[in-house]
Ligand SMILES: NC(=O)c1ccc[n+]([C@@H]2O[C@H](COP(=O)([O-])OP(=O)(O)OC[C@H]3O[C@@H](n4cnc5c(N)ncnc54)[C@H](OP(=O)(O)O)[C@@H]3O)[C@@H](O)[C@H]2O)c1
C-alpha cells in the first residue's frame with residue numbers, strides 16, 4: 001500500500017518503521033521537509049518525505065498521528081482525500097481536543113471529503129506498536145468505524161505491524177468509546193503506576 005504518515009513522532013514513527021519493513025511505500029507528510037520529528041525514518045526502506053498535501057495525493061491510505069487539539073487544522077491541510085482511507089490514531093486526553101467534538105475522528109470526518117475514516121492504533125502505547133510481543137505472545141489491536149473498506153485496510157496494517165488480531169468494536173458510534181479505551185490504558189500505565197510495558201489481549205474459550 002502507499003501510506004501517507006501525517007505526524008511522524010512516536011506513533012507515526014513506530015508504525016512507519018513496521019510498515020516499511022513489510023514492503024509498503026511510506027510517504028512522510030510534514031510541514032517542513034528539512035526539519036521534522038522522525039527524520040531518522042528516512043533511513044528505512046521505501047520511505048520518502050513530502051509536504052503533507054503531496055504525501056496525501058500520492059497515497060491510498062493516510063495515518064493521522066498528530067495532536068488531537070489540531071485535528072481540524074490537520075484535516076483541512078490534507079487536500080482532496082476523496083476515495084482514500086484515513087486511519088485516525090489520535091486521542092482527546094484530559095479534555096484536550098478539537099472544539100465542538102467528543103472524539104477526533106468525527107472532527108476529521110466533518111473536515112475531509114472521504115467517508116472512509118476509521119479509528120485504530122490509538123488504544124495502546126507507541127512502545128507496543130514498536131514491539132507487540134509479550135513473552136512470545138502478540139498483543140491485539142482494535143478498530144472502530146462505519147467504513148468496511150477502512151476497517152479491512154486497518155486490520156491488514158495491524159497484522160503487518162505485528163498485532164495478533166484486530167477486533168472490530170463497531171461503527172462511528174464507537175469512536176468515543178475507543179478513545180476512552182485508550183484513556184483506560186493511559187490511566188493504568190501512567191496514573192496507576194503499571195508503566196508503559198502493558199497491553200491488551202482478548203482471551204476466548
Ligand atoms: N504516545 C503514545 O503512546 C500514543 C499512543 C496512541 C495514540 N497516541 C496519539 O497519537 C497522536 C500523536 O502522539 P505522539 O506521541 O506520536 O506525538 P509526538 O511524538 O509529539 O508527534 C506529533 C507529531 O505531530 C506533528 N504535528 C504537530 N503539529 C502539527 C501540525 N499543525 N500539522 C502537522 N503535523 C503536526 C509533529 O510534527 P513536527 O515534527 O513538525 O512538530 C509530530 O510529527 C496524539 O494524538 C496521541 O494522543 C499517542
Checklist entry - Hey, what's the Kirkwood Rh for segment 1-51 if you take every pair of different alpha carbons, in angstrom? => result 10.4
Checklist outcome for this item: In whole angstrom, largest first, the equivalent ellipsoid semi-axes that the Cα gyration tensor gives for the chain are 24, 20, 17
Item to check | Antiparallel content of DSSP bridges confined to the chain, in %, to 5 | outcome: 15
Item to check | GNM top mover of 41, 159, 78 - the chain, alpha-carbon springs below 10 Å | outcome: 159
Next on the checklist: Please list, by residue number, everything in segment 151-183 whose backbone N is under 17 Å from a paramagnetic label point 7 Å out along Cα→Cβ of residue 133.
Outcome noted: 159-165
Checklist entry - Per-residue ellipticity at 222 nm for the chain, helices alone: DSSP H runs ≥ 4 residues times -39500 (n - 2.57), over residue total, nearest 500 deg cm²/dmol? => result -8500 deg cm²/dmol
Checklist outcome for this item: Largest fluctuation, 173, 140, 116 only, Gaussian network model of the chain with Cα springs under 10 angstrom, belongs to 173
Checklist entry - What number, in percent, do you get for the relative contact order of segment 126-205 if the mean sequence gap of Cα pairs under 8 Å and at least 6 apart is divided by its residue count? => result 33
Checklist entry - Going 7 Å from the Cα of residue 80 toward and past its Cβ, which residues in segment 24-58 have a backbone nitrogen under 16 Å from where you end up? => result 53-58
Next on the checklist: Using all alpha carbons of segment 1-90, what is the percent of pairwise distances in each 5 Å bin, ordered from the shortest bin to the longest?
Outcome noted: 3, 17, 30, 29, 16, 5, 0
Checklist entry - If you look at just the Cα atoms of segment 37-147, how large are its Rg and its Dmax in Å? => result 14.9, 43
Checklist entry - Most fluctuating residue of 149, 43, 119 in a GNM of the chain with Cα springs under 10 Å: which is it? => result 43
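Each value in this text was obtained by applying a stated rule to the coordinates, not by laboratory testing. These numbers were taken from a predicted model, which means no experiment stands behind them. Quick reminder, even Gly has a Cβ in these numbers, built from the backbone with ideal geometry, and neighbours come from all protein chains shown.
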